[in-house]
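Have a look at the structure below before the remarks.
Every number in this text was worked out from the coordinates using simple rules, so none of it is lab data. Worth saying up front: this structure is predicted, and the values here are computed from it rather than measured. Methodologically, a virtual Cβ is constructed for each residue, glycine included, from the backbone with ideal geometry; neighbour enumeration extends over all protein chains shown.
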Amino acid sequence: MKGKGDLRLERIPANILCTPRDLEVYRSIRKSGFISNWKNTAEDSSYCSEYWADLKIGQGACGFRCAECFLILTHRVKADPSRHELYENVDDFYHAVKQWMKKPGQRQTLGLGIDCSDSLLYEGVTGHARRLIPLFADEKANPYNRKLVLLTKSANVHYLEGLPARNVVVIFSLNPEPIADLFEGHYPDGLRITPPIQDRLKASEKAQGMGFEIRWRIDPVIPVQGWQSIYEDFFLNEAGRFRPSRITFGIYRQMAPGLKLKTFSQKWGLQPMPWKPEYKMLRDKGTHQQLPTEIRIGIYRFLREMVEMVWPEDGRPGLALCKETIQVRNESGISGTKCNCE
């Protein structure tokens, strides 16, 4: 963690972020390690892919205040998860990507902060996407035809207008509105920070109209009481009129108790999620705890059937699972190993 002299507190206006109120971030300089390569260390080789690298545009929780976000752990108790650390030496990131794109043997996809930030929440401040997207669309600058992957809970696609869409994937983190309201972050007085799900669905349609490949990440699926009706209503009455190329599902999982995520979250006054699993959480093949295998298989089967009911076969989104074992993939009928990060 940098000393206080290395961090500059900045208030970003709500109209730039498209949030209900202004947010504060810490601005700093990242001197090295601009790109990280994801490495799967799980016991089950199907549990998570190794397809992607990530541009480390920020550090710590992104500012949406989701109480169970794993990014809170990247700062531990040393930084407020309400104030994302956002690096301001944008030129250095741009040049690092240019060099990465020219080197053989790299990952085929680069996430725009998908594992350390939000790809579009701060686009009005950093301009990363607007600088990088033309690079990925340029055959000379991108000789290995690599893809840039954006993942966001925002609806800030207006920043992408007029940009080439080749080799760019835009992924929206979605859920039925009652589930999003349960899991996603709020201001201390209870107002949710993230945009309504309908706004994100419309943003996905708008970005698709610009030519970008659009995917959805419905994660975490949370089996609250009556969850079947909630997700059925979402697919039949809301999601079905849109056409993402892929939907990745992931069921609620929590960090292992030894990592004390909830302790850090509570220290900073984040509102805990008002739901507790009715089943005992068991260690999975990685660093998380998950619901029992048979419960997860049943949930995924239900979601797959919803997708098959809503979209005709010739226009049906591809399906994938996030952080799941080969047994769950096979028995749920969603056996592909590609996920939203690929």
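Estimated from the Cβ-Cβ distance and a Förster radius of 56 angstrom, the FRET efficiency linking residue 278 and residue 137 is about 0.70. When the charge dipole of the chain is built from unit charges on Cβ atoms (+1 for Lys and Arg, -1 for Asp and Glu) and taken about the Cα centre, the candidate among 183, 37, 212 whose Cα reaches farthest toward its positive end is 37. Cβ crowding within 10 Å, taken as a proxy for footprinting-reagent exposure, orders 44, 138, 54, 6 from fewest neighbours to most as 6, 138, 44, 54. Taking amide H atoms as placed 1.01 Å from N in the peptide plane, the amide H of residue 24 lies under 5 Å from those of 12, each 5 or more residues away in sequence or on another chain.
For segment 85-101 versus segment 173-201, the spacing of their alpha-carbon centroids is 30 Å. For the residue pairs 103/323; 56/98; 39/202; 202/276, the alpha carbons lie more than 24 Å apart in 103/323; 39/202; 202/276. With neighbours defined as other Cβ atoms within 10 Å of a residue's Cβ, the residues 323, 262 order from fewest to most as 262, 323. Applying the criteria of a DSSP loop state and at most 15 other Cβ atoms within 10 Å to the trypsin sites (Lys or Arg not before Pro) of segment 75-139 yields no site.
Of all beta bridges that DSSP places with both ends in segment 4-332, some 35 percent have antiparallel geometry.
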